[in-house]
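Undergrad: Submitted below is the structure of interest, expressed as structure tokens.
The values are calculated or read from the model by the stated rules, or taken from the named source; none is laboratory data. Small disclaimer: the values here were computed from a predicted structure and weren't measured. Cβ placement follows ideal geometry from the backbone for every residue including glycine, while neighbour counts extend to all protein chains displayed. The protein model used for the area step is the full one, side chains on, heavy atoms only, and it has no ligands, DNA or RNA in it. Shrake-Rupley method; radii C 1.70, N 1.55, O 1.52, S 1.80 Å.
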Amino acid sequence: MTTDPTPDAEPAPATEEAPPAVGPHIAAVLYFVSEDGALLEGASMDVPLSDSPAAQARALIEAQLAAEPPAPLTRAVPAGVTVRGVFLTGRDDAYVDLDSTFVSALPGGSHNELLAAYAMVSVLTTNLTPVRRVQILIDGREVETLTGHVDLREPLRKNEGLIRVP
């Protein structure tokens, strides 16, 4: 014999939980602007594990662009930037092709440009040991700078002086 639920019974409250992670992940260091705005600061976050170094490089760049920084850190890279491609040369270089939003949405100033460029460089050079230098492309083309300050004509090496070590 079945009983009908009581009309006065309240439904269980919905809980807002993050969806479970699908597939294997790695703990990667992503880079955000420190509270004082002076340096980049790393934060460990889960990034999907990919089956090749090139796919892992793309997953890292996509995570860097999409991740919300933990408080009190702020974004180094403007929201809404799209990855057009990520390529590895086999000679320790990576090419990261971003859409023009990376330039148009970047706040002004040489320091903002410096931190944005080196956040992209640092996420790859920290998390992928074969990558030592990163060339940033915009809409498939090499650019001299993003907003006139950081020389992007050659691939950039990680700059430890821009990273705050806790």
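Undergrad: Of all residues in segment 29-59, which are touching a residue at least 40 places away in the same chain (Cβ under 8 Å), more than 15 Å from A119 (Cα to Cα) and open to solvent by 40 Å² or more (accessible area, probe 1.4 Å)?
TA: Selection gives P53 alone.
Undergrad: For A14, all conditions in the list (1) over 27 Å from S110 (Cα atoms); (2) aliphatic (A, V, I, L, M); (3) modelled with pLDDT of 95 or more hold save one; what is the number of the exception?
TA: (3)
Undergrad: Among the residues of segment 101-125, how many are in contact with a strand residue (DSSP E or B) (Cβ under 9 Å, 6 or more places away or on another chain) and either over 23 Å from A54 (Cβ atoms) or of a type in the set (D, E) (or both)?
TA: Count: 3.
Undergrad: Could you please give the count of residues in segment 120-144 that are open to solvent by less than 20 Å² (accessible area, probe 1.4 Å) and among the small types (G, A, S)?
TA: 1
Undergrad: Then there's this: Could you check how many residues of segment 66-93 are touching a Lys or Arg at 6+ places or on another chain (Cβ under 9 Å) and open to solvent by less than 40 Å² (accessible area, probe 1.4 Å)?
TA: Within segment 66-93, residues that are touching a Lys or Arg at 6+ places or on another chain (Cβ under 9 Å) and open to solvent by less than 40 Å² (accessible area, probe 1.4 Å) number 6.
Undergrad: Look at L106 and say whether it is touching an Asp or Glu at 6+ places or on another chain (Cβ under 7 Å) and over 18 Å from I138 (Cα atoms).
TA: Numbers: touching an Asp or Glu at 6+ places or on another chain (Cβ under 7 Å): yes; over 18 Å from I138 (Cα atoms): no.
In short, no.
Undergrad: Separate question: Report, by residue number, each residue of segment 152-166 that is more than 17 Å from S100 (Cα to Cα), in a loop (DSSP other than H, G, I, E, B) and without any contact (Cβ under 8 Å) to a residue 40 or more places away in the chain. Break it down stepwise before answering.
TA: If we filter segment 152-166 for residues that are more than 17 Å from S100 (Cα to Cα), which is where we start, we get 154-166.
Now narrow it down to the ones that are in a loop (DSSP other than H, G, I, E, B): 154-155, 158-159, 165-166.
Scanning segment 152-166 gives E154, V165.
Undergrad: Next up: Can you confirm whether segment 106-119 contains a residue that is modelled with pLDDT of 95 or more, surrounded by fewer than 22 Cβ atoms within 10 Å (Cβ to Cβ) and of a type in the set (D, E, K, R)?
TA: No, segment 106-119 contains no residue that is modelled with pLDDT of 95 or more, surrounded by fewer than 22 Cβ atoms within 10 Å (Cβ to Cβ) and of a type in the set (D, E, K, R).
Undergrad: Criterion first (open to solvent by 20 Å² or more (accessible area, probe 1.4 Å), under 25 Å from V22 (Cβ atoms), of a type in the set (D, E) and not in a loop (DSSP other than H, G, I, E, B)) does E62 satisfy it? Even if it seems obvious, please write down each step before you answer.
TA: On the way: open to solvent by 20 Å² or more (accessible area, probe 1.4 Å): yes; under 25 Å from V22 (Cβ atoms): yes; of a type in the set (D, E): yes; not in a loop (DSSP other than H, G, I, E, B): yes.
Yes; evaluated as a whole, the condition is true for this residue.
Undergrad: For segment 59-112, enumerate the residues that are aromatic (F, W, Y) and under 15 Å from the mean Cα position of the chain (by Cα).
TA: Filtering segment 59-112 for residues aromatic (F, W, Y) gives 87, 95, 102.
Y95, F102 - these are the residues of segment 59-112 that are aromatic (F, W, Y) and under 15 Å from the mean Cα position of the chain (by Cα).
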